[in-house]
Amino acid sequence: MKRSISVFLVLITLGPFALSTLNAQGHYPVGYRAIEWVDSLRQENSLHNYLKESPKQRYRKLLIHVWYPAIASTQPEYMSHKDYHWAVEEFLQQKVPDAASRTQQEERLLSSLPLTSARSLFEEKSLAIKNAHPIESAFPLLIHSGHVKAQWAFHEAMAQKGFIALAVDGLDMPYQELSSVEDLLFGLRFITAHLGLKYKSLLGLGSGYGGAVIFALQQATGILDGIISFDGTETWKGSTKHFQELFPLHYQIQKLNIPYVMVHGPDTSRIDSSFQSTFRYADQYWIRLADSLATHGLFQYPHAINQYRSAHMAEASQHLLQLKVTLTEALNNSLNDTIMEPFGFIRKPDKLTHFPPLPPPLQKEEIVKLKEQLGWSGLKELLQTQLAKDAGFVSFDPLFLLGRDRTWTGQIEDGLPYLKLANELFPSRPGAYIELLKASYWLKDTKLNQQYLKHIESALEHSLIEDSPALRKLMERYSLGHQ
């Protein structure tokens with residue numbers, strides 16, 4: 001099921017007249033297509049008005065945008081900002097407004113601009129040729145999650161540089177549901193199966209909320225070769241509970257092992273630094289921009305209009321556009337390099353910090369070897385020191401399992417130190433408390449048993465662990481005082 005959103009978006013086949021691909025500057029002509037499609041395998045999540053008007057039509061409606069290196073026809077028809085605006089608005093409104101309504105909405109949009117030439121800028125032609133025939137070669141493909149109609153200048157610039165750029169709109173903009181991940185996957189399948197576009201590498205770029213969508217996409221599929229996120233952690237940290245509900249896959253991600261670039265604003269207090277250790281297998285580049293405007297949400301209008309709003313916004317807008325293009329090119333060019341150093345162009349007072357991949361967390365065998373080399377006090381000091389620097393240096397599980405496996409097989413004296421260490425380093429994990437209590441019970445050591453019962457009561461009192469009927473039953477079962 002497909003509806004053409006306007007005459008110029010109906011798919012066409014290029015005629016016999018075509019121009020050469022690369023121009024004198026080494027740039028490709030840019031093609032653009034937008035296709036409205038219905039994913040009949042999924043229900044619509046939005047509370048959009050059209051559901052109330054047509055309650056039976058609840059399948060997921062999507063607007064798939066794609067920009068690509070193209071073969072330019074001899075009579076090209078170029079897109080404008082106005083065309084992009086109405087391509088999205090007609091989809092969101094689920095109707096084609098009449099002429100009077102269109103004019104009224106456009107006037108409202110442009111009323112904030114203090115110049116008489118706003119309408120001519122709104123109608124100024126862009127680089128993209130409507131429905132141009134794609135070049136039949138494989139190109140790097142960029143999946144972008146963010147506000148589509150505010151980012152068309154960036155998508156055009158990437159296609160001009162030899163990238164395919166994909167973005168997908170749903171009726172529940174702006175990307176606040178996990179269904180956005182499935183939307184992007186549907187769009188990727190569509191442009192390869194129905195438009196014949198081919199790609200040789202796959203990058204993800206997220207702006208604002210879109211950053212969480214891109215991370216969730218990688219966690220769900222593992223298909224990306226690299227990620228760039230603009231202002232993502234600032235948004236996430238400000239709405240942690242909200243995003244845990246909307247993007248649960250993002251908060252489960254552990255083994256992100258692809259190159260990852262985070263671009264954020266100057267307020268470092270809002271940056272969740274724990275991501276640096278969570279993504280320990282990734283080669284990470286954190287870029288702090290001195291200008292808070294140059295993060296996400298700046299392309300409310302194209303650069304041609306931004307320059308008339310203020311000189312500062314014009315400069316920030318242009319810098320952000322160039323930064324996105326250059327970062328994407330640099331990341332794609334370095335995907336196969338062992339050591340990535342692609343971002344030396346970052347200007348001062350912006351700041352670039354590189355976090356190379358961290359080693360994997362210590363495993364059981366390594367912990368045992370360190371204990372033999374350093375002794376218990378030396379091992380404890382080492383783990384405490386390293387955990388202060390890297391929260392993922394060692395986890396609870398290997399220490400706990402080393403202790404539990406020994407105590408359960410009768411090697412109680414050997415297992416107790418591992419359980420004690422696991423309990424000291426990870427006091428919010430209840431497992432070690434119970435296993436220590438069990439060990440004292442099996443040893444028939446009343447004094448030690450009472451000590452561990454009090455230890456559990458203290459942890460409950462300070463809310464380190466959660467009280468429950470099951471925990472109370474275990475405490476009663478393994479208390480030597482109830483023999």
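Within the stretch 349-378, the set of residues being closer than 29 Å to Tyr260 by Cα and of a type in the set (A, V, I, L, M, F, W, C) comprises Leu352, Phe355, Leu358, Leu362.
The helices (runs of 4 or more DSSP H) falling completely within the stretch 210-283 that include 3 or more residues that are modelled with pLDDT of 55 or more map to 274-278.
Is it the case, given these coordinates, that Thr103 is modelled with pLDDT of 80 or more and either among the basic types (Lys, Arg) or over 27 Å from Phe139 (Cα atoms) (or both)? Yes. Considering the conditions (1) modelled with pLDDT of 95 or more; (2) under 21 Å from Ile465 (Cβ atoms), Ile367 is excluded by exactly one of them, (2).
Pairs meeting the criteria (first residue in the stretch 391-405 and in contact (Cβ under 8 Å) with a residue 60 or more places away in the chain, second residue part of a helix (DSSP H, G or I), beta carbons under 6 Å, at least 6 apart or on different chains) are Ala391/Ser277; Gly392/Ser277. The one condition from (1) free of Cβ contacts under 8 Å to residues at least 60 places away in the same chain; (2) crowded, with 18+ Cβ neighbours inside 10 Å that Arg429 does not meet is (2). Could you give me the residue pairs with C-beta distances under 9 Å whose first residue belongs to the stretch 444-465 and is free of Cβ contacts under 8 Å to residues at least 12 places away in the same chain and within 20 Å of Ile412 (Cβ to Cβ), whose second residue is of a type in the set (Lys, Arg) and open to solvent by 80 Å² or more (accessible area, probe 1.4 Å) wherever it lies, and which are 6+ apart or on separate chains? From residues that are free of Cβ contacts under 8 Å to residues at least 12 places away in the same chain and within 20 Å of Ile412 (Cβ to Cβ), there are no pairs. Taking Thr385 as the residue in question, decide whether it is open to solvent by 40 Å² or more (accessible area, probe 1.4 Å) and of a type in the set (Val, Ile, Thr). Yes. Select from the stretch 134-156 the residues that are open to solvent by 20 Å² or more (accessible area, probe 1.4 Å) and outside any loop (DSSP other than H, G, I, E, B) and write down the one among them that is nearest to Thr221 (Cα to Cα). So, considering only residues that are open to solvent by 20 Å² or more (accessible area, probe 1.4 Å) and outside any loop (DSSP other than H, G, I, E, B), the one nearest to Thr221 (Cα to Cα) is Ala138. Filter the stretch 426-476 for residues that are among the β-branched types (Val, Ile, Thr) and under 37 Å from the mean Cα position of the chain (by Cα) and give the result. Listed by number, the list holds a single entry, Ile465. Scanning the stretch 458-483 for residues that are open to solvent by 80 Å² or more (accessible area, probe 1.4 Å) and assigned to a helix (DSSP H, G or I) returns Glu461, Pro469, Arg472, Lys473, Glu476, Arg477, His482.
Which residues, taken from the stretch 403-415, are assigned to a helix (DSSP H, G or I) and open to solvent by 10 Å² or more (accessible area, probe 1.4 Å)? Selection gives Arg404, Asp405, Arg406, Trp408, Ile412, Glu413, Asp414.
The values are calculated or read from the model by the stated rules, or taken from the named source; none is laboratory data. Nothing here was measured: the structure is a model prediction, and the numbers come from that model. FYI the Cβ positions are ideal-geometry reconstructions off the backbone, even for glycines, and counts take in every protein chain you see. Accessible surface areas use protein heavy atoms only, side chains included; no ligands, DNA or RNA. Shrake-Rupley method; radii C 1.70, N 1.55, O 1.52, S 1.80 Å.
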